[in-house]
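Worksheet: one structure, shown below.
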Amino acid sequence: MRYLPLSETNRRDMLAAIGAGSVDELFRDLPKAALAKARIDLPNSASEIEVERALSAMAAKNRNCGQGPSFLGCGNYRHHTPASLDYLIQRGEFLTAYTPYQPEISQGTLQAIFEFQSQVALITGMEVANASMYDGATACAEAVTMAARVTKRNKAILSGNLHPHYRDVTLTNCKFLDMQIEALAPDPTAIEDLVGRVGPDLACVVVQTPGFFGHLNDYSNLAKACHAAGAFLVVCVTEPVALGLITPPGHIGADIVVGEGQSMAGPMSFGGPGVGLFATREKFLRQMPGRLAGETTDENGRRGWVLTLSTREQHIRREKATSNICTNSGLIALAFSVHMTLLGEAGFTNLARLNHATAVSLAEKLEQIKGVKLLPSAFFNEFAVKLGKPAEAVVEKLAARGILAGVPAARFYPTYPELADVLLVAATETNTESDIDAFAARLKEALA
Amino acid sequence: MSQIRFTKDHEWVLLDGKIATVGITEYAQSQLGDIVFVEVPAAGKALSAGGEAAVVESVKAASEVYSPVAGKVTEGNAVLPDAPETVNQDPQGKGWFFKMEVANPADVAALMDQAAYDKYLAELNG
Amino acid sequence: MTMPATASGNQGLQFEQPLIFEQDTRGATAVDLPALPHTRERLGTLKNTQAIGLPGLSEPEVVRHYTRLSQKNYSIDSGFYPLGSCTMKHNPRLNEKMARLPGFADIHPFQPVSTIQGALELIDTTAHWLKQLTGMPAVAMSPAAGAHGELCGLMCIKAAHVAHNQGTRTVVLVPESAHGTNPATAALCGYSVEAIPANSEGRVDLAALQAALDKHSADVAAVMITNPNTCGLFERECIQAAEMIHAAGAYFYMDGANFNAIVGRLRIGDLGVDAMHINLHKTFSTPHGGGGPGAGPTVLSAALASYAPVPFVVHGKDGFSVEEHAGLGGAQDSFGRMKGYHGQFGVFVRALSYMMAMGADGLKQASGDAVLNANYLLARLSAEMTPAFAGPCMHECVFDDRFLKGTGVTTLDIAKALIDEGVHPPTMYFPLVVHGALLMEPTETESKATLDQFVESMLHLARKAKAGGAEAEFRAAPQFSPRRRLDETKAARKPVLRWMPPTAGASSQAAE
């Protein structure tokens, strides 16, 4: 087997050094009643070419988004990534390193994390950010429990414009704790009143910007109401490219900003792995979950970085830790950071403008189709449309014509018949004018 | 009359009238190493004997500081949050953690005196 | 001999690399984009009017920056990484190639199900391998890492207790040698944690387990036992432990962090286990990536299977479909969702690529070689070092610091001196039950020559420490790494966690 270096001679010599007669003898503590013997019904080892054949055949059963126009979003976006990005993150010194617990020989990863933390703090408008969480949904859940720890309150409100997966993961994480979570009904027309719900017993309100249905809402008044009541405003961002063009959540008063970094980090990969972003204000630092890299000096007085404030974490604090997270999403955070560095201020803001402009052209084309109604008036690169016909059937029809037209809201809200005709549509810099024209033409046919 | 007493969790208590000053011992600070963070209780907080009162952290360890006796906090040492190294430098002086009004001064007298604590330390290291 | 000072601060191939923020050229970018279409903005009142503060660099500058950073890292590609409990084995590049096939990388989680049959087949096939390798009837695929898998298992357990009107059980028993994630996870489910002591052989003391079960009688919800345990030993009485746990009405969570020792040899299902997570980034060779991403699929017994989180793949009459909503359809009893989308799909591709390459025979050989390598280190290093427990060990061996007694040299000093020998230090001071522990996990992907070299280095250091007079030299290690020992106290007392623009004060000083 090509991954195993020991030869039979090696094994014999090593057993002699150990003083054991066979490898099986080393396993003598395993209970006989549970030995696998021949009961594992799986194929034996395969050559590289055979594995490639089998997996390529499986991959070929999928329609990939490069095969035709696609307009899918809902927290997972298809963006172009520069060629140098994938090359850099595949360098073995990044790819095959462990968590940087030995700082003397991990300065590369540590400096990259420090730069990542700085970039995330800047784009969210917050003071500090951590080294990453698993994904946006789990980061959102961690934000709610952190708000509860800081405020010493146990009630949270989740806006109806929050991504339903973020809502569900938060509900799951809080289910077995002493917390009351009020998840509001889906809000495709942005009419929910959050300010009116803020009360003195509340730990936090969670909103999303841009919202799940695409709306760009100004939450400054909500932030003021939360702060007057001693509660946190948690803002989720599922499309960080938006932060190249819209006001950072930190500037409108968010206390915690969480998000999903996939759209900046690389392929959609069927939704995972992603990278959770987590930023907050400095005064809440010690209640923040996740790893942190910090600056210091070595014995020669040279600048360097270490993992710091570890006493918040499970390997020291055990059952009193701020979270149980250990392995997070280091490599995807690196990819996010490399892309952000490649773009820089000019590239990042231009990319955001291009996304918005592409989405506006799509919106203008779709609005001209009879029966189509755009729900948000202000949006970034994604919006909900009402079709007047069941969206799932329309999507199937367009898929048969080679177009991935968006995501039916019913996929998330099967128990809300009033959302059956709502379609969620996204456009990015990967969509061309001809993609948009083809989509509009086929949609017009499907609705006729 | 003031007299210093000790707990098995390596806190010291110095009683003066009804007001006790509480900190961690020289032994405790030496075991923790460089202290990087201290959280002291706010005035007014009610404490039970053996209840969690403060937090002290080094780079690699975090410990709770327990209240040696029942009572109510009158003051937390405001110096410590910004200068946690004070605990390393002067644990049984400027590095005190909090002052409290004790519910029953006799509770303090019941704790270990210097000789008993020294003996306890000798057993720990034996 | 002292090193000559250089004007640049560089030392040959060791470069001093400033932060990206210190390389800023205003307006520069490494990404040129197509022209903007002419449209009017529809951003409402939320258009940002302020600069963000990101630095601008050209493509060659960015490539050089990260190339130089990478060269400051130790990695499994470049050297031996005997990091106990972390399973730092070779990461085959075939896995990376497979994960980048457009049919896996360029697919969206919410495409119509008819267009992603291959993706659901991949998840289902990976699940099949994991079920076969453990002899367990079900697996929850969505947990993102080991600790997340623990959470999945305990949530299934809590849901099962609630369903059986046993929701008042509040205690989880955890051996004192456990990873910190175990008690942290139990706390996240609202449980209080009680430690069970180990016996002198480094294993769970069954009498102590029974005493704890009796003491809390109807309050114990679950017992979490790592097996093989963190001392590198198999809990040979785990079947009896499972019977005792079940007799008390509790569930048996087995922490599978060390599954690499027994893969292909032992059916977990026959041990009486109710839930166990599997770290795909350990046992199944997906890269650690400097701290993730990983994946922690969690196998479940028949008693817990129906409470598994959504989503999960089901076989339908028109191919595969997916249950995405707890409480609906085939997910009536599911405790809910714990991760966005379909779990760590890209990690599944890599793990399946590895499992198919290894096959049933190769995986059995892998655990055999992993255990052989660890026992070889245990045997050879015992010449100068003090093993904490008698062998045979499983895939890792642990030494205590008795061999350093009176030398003035510590476990930490030995670890840092190993860096100068070109080896990544073993896990230190863990498990907590072993004084001054050095926990070594060589894995099966290291050659005998590599192990022999490591043994030479380790014995050399042990002899040097014992000979006396080398304290200062040990304390000064490492000397040949990109940085020497770093001041962690300074980092923690006045945390600097991000770059700040110089005008705003508290600036990050450039390296000398």
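No value in this document is a laboratory result; all are computed from the given coordinates. Everything numeric here is computed off the predicted structure, so don't read it as measured data. A quick note on method: Cβ atoms are made from the backbone with ideal geometry, for glycine too, and the neighbour counts reach across all protein chains shown.
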**Report entry** Three semi-axes of the equivalent ellipsoid, the range A:121-273, Cα gyration tensor, whole Å, largest first
**Finding:** 22, 17, 16
Report summary line: Rounded to the nearest 5, the percent of DSSP beta bridges in the protein assembly as shown running antiparallel is 70 percent
Requested in this report: Rounded to the nearest 500, what is the 222 nm mean residue ellipticity of chain A from helices alone, with -39500 (n - 2.57) per DSSP H run of 4+ residues and division by all residues?
Outcome: -11500 deg cm²/dmol
Query raised in the report: Taking the Cα-to-Cβ direction at A:R149 and at A:D437 and moving 7 Å from each Cα, how far apart do the two end points lie in nm?
Result: 5.5 nm
Report summary line: In the neighbourhood of A:I40 defined by beta carbon distances under 13 Å, the net charge of the other residues (Lys, Arg +1; Asp, Glu -1) is +3
Report summary line: For the range A:262-307 the GluC sites (Glu not before Pro) that pass both the DSSP coil test and the at-most-16 other-Cβ-within-10 Å test are A:E299
Query raised in the report: Got a sec? Charge dipole of chain C, +1 on Cβ for Lys and Arg, -1 for Asp and Glu; which of C:I76, C:Q240, C:S481 is way out at the positive end?
Result: C:S481
Report summary line: Taking r as the C-beta separation of C:R236 and A:Q368 and R0 as 60 Å, the FRET efficiency to the nearest 0.05 is 0.25
Query raised in the report: Lysine pairs, Cα distance under 24 Å, 8 or more residues apart or cross-chain: how many in the range C:51-205?
Result: 4
Query raised in the report: What is chain C's relative contact order, in percent, from Cα pairs under 8 angstrom and six or more apart in sequence?
Result: 18 percent
Query - Expected 222 nm ellipticity per residue - DSSP helices of 4 or more, -39500 (n - 2.57), all of chain B, to 500 - result: -5500 deg cm²/dmol
Requested in this report: Could you sort out which of A:K320/C:K416; B:K18/B:K72; A:K175/A:K320; B:K8/C:K405; A:K320/C:K215 sit more than 21 Å apart by Cα distance in this structure?
Outcome: A:K320/C:K416; B:K8/C:K405; A:K320/C:K215
Report summary line: Taking the dipole of the range A:36-131 about the Cα centre (Lys, Arg +1; Asp, Glu -1; charges at Cβ), the one of A:A131, A:P69, A:G92 that reaches farthest to the positive side is A:P69
Report task. Return P(r) of the range A:106-201 (all Cα-Cα pairs; 10 Å bins starting at 0; whole %; ordered from short to long distances). Result -> 14, 35, 34, 13, 3
Query raised in the report: What's the longest bit of chain A with no exposed trypsin sites (Lys or Arg not before Pro), using DSSP loop states and at most 13 other Cβ atoms within 10 Å as the test?
Result: A:153-369
Query raised in the report: When Lys and Arg each count +1 and Asp and Glu each count -1, what net charge do the other residues less than 11 Å away from A:P200, Cβ to Cβ, add up to?
Result: +1
Query raised in the report: Given H placed on each backbone N at 1.01 Å, which residues far from C:F80 in sequence or on other chains put an amide H within less than 5 Å of it?
Result: C:H424
Query raised in the report: Which whole-Hz couplings ³J(HN,Hα) result when phi for each residue of the range C:475-485 is put into the Karplus expression 6.51 cos²θ - 1.76 cosθ + 1.60, θ = phi - 60°, listed in order with x for Gly and Pro?
Result: 5, 7, 6, x, 10, 9, 8, x, 9, 8, 4
Query - Over chain C: helical MRE at 222 nm, DSSP H runs n ≥ 4 each giving -39500 (n - 2.57), nearest 500 - result: -10500 deg cm²/dmol
Report task. Taking 7 Å along the Cα-to-C-beta vector as the label spot, tell me the C:T6-B:E85 distance in nanometres, rounded to one decimal. Result -> 3.3 nm
Query raised in the report: Once phi is turned into ³J(HN,Hα) by the Karplus curve 6.51 cos²θ - 1.76 cosθ + 1.60 with θ = phi - 60°, what whole-Hz value does each residue of the range B:18-23 show in order, with x for glycine and proline?
Result: 9, 9, 10, 9, 10, x
Report summary line: Per the 1/(1 + (r/R0)^6) rule, R0 = 60 Å and r from the Cβ atoms of B:A116 and A:E8, FRET efficiency to 0.05 is 0.35
Report summary line: Surrounding charge for C:S142, neighbours by C-beta under 15 angstrom, Lys/Arg +1, Asp/Glu -1, total -4
Report summary line: Each label sits 7 Å from Cα toward the beta-carbon; between A:R401 and B:D16 the label points are separated, in nm, by 8.7 nm
Query raised in the report: What is the dipole size for the range C:95-354, taken about its Cα centre, with +1 at each Lys and Arg Cβ and -1 at each Asp and Glu Cβ, in debye to the nearest 20?
Result: 480 debye
Requested in this report: Could you tell me what fraction of 2.2 N^0.38 Å the Cα radius of gyration of chain B comes to, as a two-decimal ratio?
Outcome: 0.98
**Report entry** Sites A:A60 and C:D333 - FRET efficiency at Förster radius 30 Å, r taken between beta-carbons, to 0.05
**Finding:** 0.25
Report summary line: Pairs over 21 Å Cα to Cα, from B:K45/B:K99; C:K282/C:K364; A:K444/C:K47, come to A:K444/C:K47
Report task. Report, ordered by chain and residue number, the aspartates and glutamates lying within cross-link reach of A:K397, taken as a straight Cα distance under 18 Å and ignoring same-chain residues fewer than 8 apart. Result -> A:D421, A:D435, A:D437, A:E445, C:D318
